[in-house]
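**Student:** Have a look at the structure that comes next, please.
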Amino acid sequence: MTGLIIFLAIGAVAGWLAGTIMKGGGFGLIGNIIVGIIGAVIGGFVFGLLGISAGGLIGSIITATVGAALLLFIVGIIKKA
């Protein structure tokens, strides 16, 4: 149960940070969690391809934030097209 709460908290923080970096604001609690979780998957995949590993709580937040920012960047490109 504690792991799930930490997972959701990391997703919320990463989604909020990525929203702030890419768009200028967050997406609400549920939106931040969803963006952060998807971003964590994307970030883990990209970091794995690059051979980068980030451990611990801060590393997880950084990985998820980078992935979420990448997700928002790609979504922004698709919306403009």
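All of the numbers you see were taken from the coordinates with simple rules; none came from a lab. Remember, it's a predicted structure, so these values are computed and weren't measured experimentally. In this analysis, Cβ positions are derived from the backbone assuming ideal geometry, glycine residues included, and neighbour counts consider all displayed protein chains.
**Student:** Please compute the contact order of the chain in relative form: average sequence separation of alpha-carbon pairs under 8 Å and at least six residues apart, divided by the residue count, as a percent.
**Tutor:** 34 percent
**Student:** Also, quick follow-up: In sequence order, what are the phi-derived ³J(HN,Hα) couplings for the range 47-54 according to the Karplus relation 6.51 cos²θ - 1.76 cosθ + 1.60 with θ = phi - 60°, rounded to whole Hz, with x for glycine and proline?
**Tutor:** Coupling constants for the range 47-54: 4, x, 5, 7, x, 9, 10, 10 Hz.
**Student:** Students often check this: by mean Cβ neighbours within 10 Å, which of 67-79, 51-63 ranks highest, and how do the rest follow? Don't skip to the answer; put the middle values down first.
**Tutor:** Values: 67-79: 15.9, 51-63: 13.5.
Ranking, from highest mean packing down: 67-79, 51-63.
**Student:** Tell me, what ³J(HN,Hα) does each residue in the range 29-46 have, in order and in whole Hz, if you take phi through Karplus 6.51 cos²θ - 1.76 cosθ + 1.60 with θ = phi - 60° and put x for Gly and Pro?
**Tutor:** 4, 5, x, 4, 5, 5, 4, x, 5, 5, x, 4, 5, 5, x, x, 5, 5
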